[in-house]
1. Just need the Rg to Rh number for the chain, please, alpha carbons only, Kirkwood Rh.
2. Ranking request for peptides 48-54, 102-108: highest mean number of other beta-carbon atoms within 10 Å first, then the rest in descending order.
3. In the range 1-51, what chymotrypsin sites (Phe, Trp or Tyr not before Pro) fall in a loop by DSSP, with at most 15 other Cβ atoms inside 10 Å?
Amino acid sequence: MTTPTVTQHIDNVTLTTQANVYFDGKCVSHSFTLADGTKKSVGVVLASTLTFGTAAAETMECVGGACEYKLAGTDNWVFQKLGDSFSVPANSKFDIRVAQAYHYICHYA
């Protein structure tokens with residue numbers, strides 16, 4: 001069995017120290033910018049079922065824990081584990097179901 005490739009650290013970033021807190025603390029993230037100007041965030045979703053809206057297209061990379069997600073317009077929940085990722089179009093929504101803490105990096109398009 002192969003070990004998934006997972007982002008463990010990111011060098012040369014400018015970090016926003018003020019946390020983004022959503023859903024009464026069930027999701028907490030920090031935004032950061034890479035040297036080339038690319039914006040991302042890293043965070044955790046605690047046990048819950050939530051609906052997120054997107055402004056920009058984004059890719060959610062699982063760096064710890066697991067979740068299930070359902071994209072807008074679909075009926076199926078998809079399981080995501082360590083090393084997996086899923087993409088969400090701009091100006092859309094997705095549901096996420098978390099049983100234990102889900103750690104992620106959000107890559108904005």
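1. Numbers: Rg = 13.6 Å, Rh = 14.3 Å.
Result for the chain is an Rg/Rh of 0.95.
2. Details: 48-54: 14.6, 102-108: 19.6.
Put in order of decreasing packing, that is 102-108, 48-54.
3. On the way: sites: Y22, F23, F32; in loops: none.
Here no chymotrypsin sites (Phe, Trp or Tyr not before Pro) fit, given the DSSP loop and packing criteria.
Bear in mind that the values in this text are calculations on the coordinates, not laboratory data. Quantities reported herein were computed from a predicted structural model and do not represent experimental measurements. Neighbour counts are summed over all protein chains in view; Cβ atoms, including those assigned to glycine, are modelled from backbone coordinates with ideal geometry.
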